[in-house]
Amino acid sequence: MVRATLAPAREEAIAAIRRGQHRGVFADHVPAPVLAQALEALMLALAEENTTPTWADPPVRLRRPRSSSLPA
């Protein structure tokens, strides 16, 4: 069911990767459908991990401005 639901997005990804391969933006030693499948798997893994309590944004640390170390 998930594969069928994601089919339109997968086809768009394949088309975008193929365009990039033809333009030389993406390497072409791996076929576009394989790259699209890897991207899909990565996105599903990230989405699944995002639902677990171990996923947390890092704490926000405010940076203090550095003083210039250059002589005046």
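Please treat every number below as a calculation from the coordinates, not as lab data. Just so it is clear, the structure is predicted and the values come from calculations on it, not from any experiment. Cβ placement follows ideal geometry from the backbone for every residue including glycine, while neighbour counts extend to all protein chains displayed.
Label-to-label distance, E48 versus V60, with points set 7 angstrom from Cα along the beta-carbon direction: 3.2 nm.
Comparing L35, L44, L62 in a Gaussian network model of the chain (Cα springs below 10 Å), the most mobile by mean-square fluctuation is L62. Within the chain, the longest run free of exposed loop sites, counting trypsin sites (Lys or Arg not before Pro) that sit outside DSSP helix and strand states (H, G, I, E, B) and have at most 10 other Cβ atoms within 10 Å, spans 1-60. For P(r) over Cα pairs in 5 Å bins from 0, in percent, the value calculated from this model appears in [x] 3, 11, 13, 15, 15, 15, 12, 11, 5, 1, 0; [y] 3, 13, 15, 14, 10, 9, 8, 8, 8, 7, 4, 1, 0, 0; [z] 3, 18, 32, 29, 12, 5, 1 under label [y].
About its Cα centre, the dipole of the chain is roughly 500 debye, where the only charges are +1 on Lys and Arg Cβ and -1 on Asp and Glu Cβ.
With the charge dipole of the chain set up from +1 on Lys and Arg Cβ and -1 on Asp and Glu Cβ about the Cα centre, the Cα lying farthest toward the positive end among the listed residues V60, F26, A7 is that of V60.
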